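For reference, the structure is listed below as structure tokens.
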Amino acid sequence: MCNEPSTNGQNGIANGVENGAADKKPRSVPYKAIGDYLSNTGRFKIIESTLREGEQFASAFFDTETKVKIATALSDFGVDYIELTSPAASPQSRADCETICKLGLKAKILTHVRCTMEDAKLAVETGVDGVDVVIGTSSFLREFSHGKDMAYITKSAIEVIEFVKSKGLEIRFSSEDSFRSDFVDLLALYKAVDEAGVDRVGIADTVGCASPRTVYELIRTLRGVISSKTDIETHFHNDTGCAIANAFVALEAGATHVDTSVLGIGERNGITPLGGFLARMIVEDRDYVLSKYKLQKLKEIEDMVAEAVEVNVPFNNYVTGFCSFTHKAGIHAKAILNNPSTYEILNPADFGMTRYVHFASRITGWNAIKSRVEQLGLKMTDDQVKALTAKIKELADIRPLAIDDTDAVIRSFHLELADK
Ligand code: HCA
Ligand code: CU
């Protein structure tokens with residue numbers, strides 16, 4: 001259910017024009033989020049994995065300097081944890097992990113390793129605050145990847161957990177491909193690692209097969225099986241477009257931590273994107289999100305990562321896409337100019353973005369043109385604006401109009417009025 005939109009109208013500026021009616025509130029709010037004592041949507045933590053999952057993105061190559069820049073920016077942004085590639089991956093990965101640990105960032109530093117003693121030993125020597133261990137539990141991975149059975153997996157998990165804990169570090173245990181693993185096996189494994197004292201268990205939708213309902217049911221059940229002090233981390237791939245929704249329902253079901261990456265980069269088409277996830281969460285709990293995250297820095301971080309991995313930010317990206325706050329149809333533009341909450345659930349100003357009311361098309365209405373006329377500092381009566389709008393629509397029926405073209409039409413129309 002959507003929350004009351006009133007918070008979005010307070011910075012009611014369209015194309016730089018202040019709007020007097022922006023603080024008008026709807027008379028009644030029929031839908032309100034239903035509270036739930038297990039839900040963590042107002043107290044979740046982010047494990048930012050651009051420097052681990054994101055390194056698995058097709059065109060990613062992060063040199064040390066870039067990793068330091070990204071880690072520092074993410075920490076300043078407010079993420080709780082930064083997850084780094086395993087030190088076992090390569091000598092440089094190990095050195096970079098040590099370098100980032102020495103930066104003294106506010107965010108806790110984690111490294112992500114296989115569930116083996118060799119990897120765990122390497123990890124604890126790097127200076128990290130915690131270790132994220134993972135092992136495949138689905139029959140696919142047990143048969144075709146590492147070839148180990150559940151008894152072996154449980155035994156090595158407990159050994160690794162006890163070792164990392166003995167070094168005083170935080171430890172998370174996760175099963176790869178959780179949603180295609182035998183449910184009973186999985187719960188037994190999590191119960192065993194919980195009893196071994198793990199700080200956090202992780203659920204990973206490695207192939208992006210999970211749907212919100214499945215996620216909700218699995219996390220809810222898991223929450224009842226492990227002790228209430230053990231955190232639950234979740235990791236969702238986006239192959240079928242559910243990564244944000246899955247992360248959200250996981251929190252509703254009692255998960256505590258969500259893995260993200262900037263722009264969602266990761267294996268294949270990636271995981272839950274940091275920006276899109278926070279767009280979802282600010283609608284849910286605005287105060288919590290604004291108190292923790294410097295949202296105004298989102299675009300800068302996305303641009304930094306996009307440049308590093310040599311991609312463009314998609315046109316329809318959450319929040320920062322070029323048209324995320326552009327309103328075009330006449331009916332929309334009119335309402336937006338009266339009160340931005342009519343057609344916006346997000347307030348662009350929260351993210352340091354600006355709203356744009358499109359005024360150069362055949363579906364433009366006269367309210368948008370009137371607003372543009374005022375922005376250009378020109379004076380016209382409503383009837384004159386309506387005549388001008390008809391002229392712009394005629395032109396826009398023939399060819400696409402650029403902003404400059406349309407401004408020129410407005411100015412020449414205004415001059416003709418003065419000559420009359
Ligand atoms: C991968 C591993 C992982 C691990 C997630 C986790 C996944 O396949 O590269 O540690 O929880 O998606 O399963 O990213
Ligand atoms: Cu993954």
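The values are calculated or read from the model by the stated rules, or taken from the named source; none is laboratory data. Being a predicted model, the structure only gives us computed values, none of them experimental. We place every Cβ from the backbone using ideal geometry, glycine too, and count neighbours over all the protein chains shown.
Taking the listed residues 173, 179, the one that is in a strand (DSSP E or B) and within 13 Å of ligand 1 (Cβ to nearest atom) is 173, with no other qualifying. A count restricted to segment 107-160 and to residues that are more than 30 Å from the chain's Cα centre (by Cα) and hydroxyl-bearing (Ser, Thr, Tyr) stands at 6.
From the list 114, 94, the lone residue that is within 20 Å of residue 167 (Cα to Cα), basic (Lys, Arg), surrounded by fewer than 22 Cβ atoms within 10 Å (Cβ to Cβ) and within 16 Å of ligand 2 (Cβ to nearest atom) is 114.
Condition first: within 16 Å of ligand 2 (Cβ to nearest atom) and within 23 Å of residue 110 (Cβ to Cβ). Now tell me which residues in segment 233-255 satisfy that. Passing the criteria: 233, 234, 235, 236, 237, 238, 243, 244, 246, 247, 250, 255. When each of 239, 205, 231 is tested for being acidic (Asp, Glu), under 19 Å from residue 185 (Cβ atoms) and within 16 Å of ligand 1 (Cβ to nearest atom), the lone residue that passes is 205.
Is it the case, given these coordinates, that residue 196 is at pLDDT 95 or above, closer than 21 Å to residue 144 by Cα and not β-branched (Val, Ile, Thr)? No: the conditions fail for residue 196.
Under the condition of being touching a residue at least 12 places away in the same chain (Cβ under 8 Å) and either assigned by TED's automatic domain parsing to the domain that holds residue 286 or among the β-branched types (Val, Ile, Thr) (or both), the residues counted in segment 369-407 number 7. Can we say residue 204 is assigned to a helix (DSSP H, G or I), closer than 23 Å to residue 84 by Cα, among the hydrophobic types (A, V, I, L, M, F, W, C) and within 13 Å of ligand 2 (Cβ to nearest atom)? Considered against the rule, which asks whether it is assigned to a helix (DSSP H, G or I), closer than 23 Å to residue 84 by Cα, among the hydrophobic types (A, V, I, L, M, F, W, C) and within 13 Å of ligand 2 (Cβ to nearest atom), residue 204 comes out as no. In segment 168-195, the residues that are at positive phi reach residues that are modelled with pLDDT under 95 with C-beta atoms within less than 6 angstrom, at least six apart or across chains, in these pairs: 177/136; 177/138; 177/141. Restricted to segment 252-332, the set of helices (runs of 4 or more DSSP H) holding at least 1 residues that are over 14 Å from the mean Cα position of the chain (by Cα), under 24 Å from residue 231 (Cβ atoms) and away from ligand 1 (no atom under 16 Å from the Cβ) comprises 286-292. Tell me, which residue of segment 380-417 that is surrounded by 11 or more Cβ atoms within 10 Å (Cβ to Cβ) and outside any helix (DSSP H, G or I) is modelled with the highest pLDDT? The selected residue is 380. Filtered by the rule that a residue be more than 19 Å from residue 289 (Cβ to Cβ) and hydroxyl-bearing (Ser, Thr, Tyr), segment 51-85 gives 59, 64, 66, 72, 85. The set of residues in segment 333-370 being surrounded by fewer than 22 Cβ atoms within 10 Å (Cβ to Cβ), at pLDDT below 95, in a helix (DSSP H, G or I) and of a type in the set (A, V, I, L, M) consists of 335 alone. Entry remark, segment 288-336: residues being within 23 Å of residue 81 (Cβ to Cβ) and without any contact (Cβ under 8 Å) to a residue 24 or more places away in the chain number 3 in total. Filtered by the rule that a residue be more than 21 Å from residue 172 (Cβ to Cβ) and not β-branched (Val, Ile, Thr), segment 232-251 gives 238, 239, 241, 242, 245.
Selection over segment 230-244 of residues that are within 15 Å of the chain's Cα centre (by Cα) and not in a loop (DSSP other than H, G, I, E, B) gives a count of 6. Yes or no: residue 124 crowded, with 16+ Cβ neighbours inside 10 Å and within 14 Å of ligand 1 (Cβ to nearest atom)? Spelling it out, it is not the case that residue 124 is crowded, with 16+ Cβ neighbours inside 10 Å and within 14 Å of ligand 1 (Cβ to nearest atom). State which residue is surrounded by the most Cβ atoms within 10 Å (Cβ to Cβ) when the search covers only segment 129-155 and only residues that are of a type in the set (Gly, Ala, Ser), at pLDDT below 95 and in contact with a helix residue (DSSP H, G or I) (Cβ under 9 Å, 6 or more places away or on another chain). Among those residues, the one meeting the criterion is 136. Condition check: under 25 Å from residue 77 (Cα atoms), within 14 Å of ligand 1 (Cβ to nearest atom) and not in a helix (DSSP H, G or I). Does residue 247 satisfy that? Taking the combined requirement at face value, the residue does not satisfy it.
Among the residues that make up segment 201-208, is at least one of them aliphatic (A, V, I, L, M), within 15 Å of the chain's Cα centre (by Cα) and surrounded by 24 or more Cβ atoms within 10 Å (Cβ to Cβ)? No; the residues of segment 201-208 include none that is aliphatic (A, V, I, L, M), within 15 Å of the chain's Cα centre (by Cα) and surrounded by 24 or more Cβ atoms within 10 Å (Cβ to Cβ).
Checking every residue in segment 237-252 against the condition of being in contact with a Gly (Cβ under 8 Å, 6 or more places away or on another chain), at pLDDT 95 or above and β-branched (Val, Ile, Thr) gives at least one match. Scanning segment 126-175 for residues that are among the acidic types (Asp, Glu) and under 19 Å from residue 81 (Cα atoms) yields 129, 132, 170. For residue 160, state whether it is surrounded by 15 or more Cβ atoms within 10 Å (Cβ to Cβ) and in the same structural domain as residue 126 (by TED's automatic domain parsing). Yes, satisfied.
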